[in-house]
Amino acid sequence: MKLKIAHGKELDFSDGPLVMGILNVTPDSFSDGGVNVASPVETALAMVEAGAAIIDIGGESTRPGYTPVPLKEELARVLPALRGIRQALPEITISIDTMKAGVAEAALAEGADIINDVTAFEHEPEAMCRLLAESRAGCILMHSVPLASKGACTDEVVAYLKSRVEWACRQTGMDEDYFAVDVGIGFGKSVEQNLELAVANEALHAIGRPVLLGISRKSVLGAVTGRLVSERGAATVAAVAVAAFTGADILRVHDVKSAVDAVKVAKALRIAASGLRG
């Protein structure tokens, strides 16, 4: 499976999942607020050296209870970082984590390749679809709407994401090869629902698109381990390894080096398991 992105490029998942490094240039992100504001280029360089295939730049925290950021302020946060990273890393794939079409448009003009929208284009549907149709950028659509189910939810999330991909294709005139999906770990879901979705990759692939999992340092890991955000590194590695083993295509993480190692181990174990079955 492949994902088409801007500038005529594409991402290939045939050799296993890719690691996406989280680069928040925000003062209030739940786990790393303010850390990357002063040196985003250096952070990105370290992530790529550690094995990141994608750098995901975000200028507005979407943690529980977040304060929305005005367009002008979000642009002031992300564009200098994006320019610097693109200059230092001309070949790296860059995604812009935003729900604002104005931010996405400016980021694409500066060399971003993917729009990563946590609202699946629910926030600014017309403007985002118009931008996507013009730019032919890649797009990640995430589930963040309230769930009707209080229990098992995979079927509901699959149906929603499939419908959003189909809707976006109709609105933009683009084929589905430009879209990936994200189950939205931590967005309006119970601990049990988050755990269910974290291992639902086989069911999610029924959508026919690459699956992104963003579980790094999330509260569900704290609920399981009792650890604070700063202490969830080992839990994140465990979750990433399981996700990679069960078929996730993109792992969105803070600690790239550990995640890359986890993916390598998961890949080796999948090969070994395939040999036993064969």
Residue tally, condition outside any helix (DSSP H, G or I), in contact with a helix residue (DSSP H, G or I) (Cβ under 7 Å, 6 or more places away or on another chain) and within 21 Å of G214 (Cβ to Cβ), over region 150-188: 7
Number of the condition not met by E231 [criteria: (1) without any contact (Cβ under 8 Å) to a residue 24 or more places away in the chain; (2) in contact with a strand residue (DSSP E or B) (Cβ under 8 Å, 6 or more places away or on another chain); (3) of a type in the set (D, E)]: (2)
Filter region 52-104 for residues that are in contact with a Leu (Cβ under 8 Å, 6 or more places away or on another chain) and not hydrophobic (A, V, I, L, M, F, W, C); which is farthest from D261 (Cα to Cα)? G102
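Given the options E42, E74, name the one that is over 18 Å from the mean Cα position of the chain (by Cα), surrounded by fewer than 22 Cβ atoms within 10 Å (Cβ to Cβ) and without any contact (Cβ under 8 Å) to a residue 60 or more places away in the chain.
Checking each option against the conditions leaves just E42.
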Pull out all pairs, ordered by first then second residue, where Cβ-Cβ is under 8 Å, the residues are six or more apart or on different chains, the first lies in region 1-29 and is free of Cβ contacts under 8 Å to residues at least 12 places away in the same chain and exposed (fewer than 13 other Cβ atoms within 10 Å of the Cβ), and the second is outside any helix (DSSP H, G or I) and of a type outside the set (A, V, I, L, M, F, W, C). D12/K2; P27/G33; P27/G34
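Residues checked against (1) surrounded by fewer than 22 Cβ atoms within 10 Å (Cβ to Cβ); (2) under 19 Å from I5 (Cα atoms); (3) at pLDDT 95 or above; (4) among the aromatic types (F, W, Y):
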site: F121; (1), (2), (3), (4): no, yes, yes, yes
site: E124; (1), (2), (3), (4): yes, no, yes, no
site: C139; (1), (2), (3), (4): no, yes, yes, no
site: C153; (1), (2), (3), (4): no, no, yes, no
site: E156; (1), (2), (3), (4): yes, no, yes, no
site: Q171; (1), (2), (3), (4): yes, yes, yes, no
Selected residue (criterion: nearest to L11 (Cα to Cα)) from residues of region 186-228 that are touching a residue at least 24 places away in the same chain (Cβ under 8 Å) and among the charged types (D, E, K, R): R209
Please tell me if V220 is surrounded by fewer than 22 Cβ atoms within 10 Å (Cβ to Cβ) and in a helix (DSSP H, G or I). no
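The values are calculated or read from the model by the stated rules, or taken from the named source; none is laboratory data. Bear in mind that the values here come from a model prediction, so they are computed numbers and not experimental data. Positions of Cβ are generated from backbone atoms using ideal geometry, with glycine treated the same way; all protein chains shown enter the neighbour counts.
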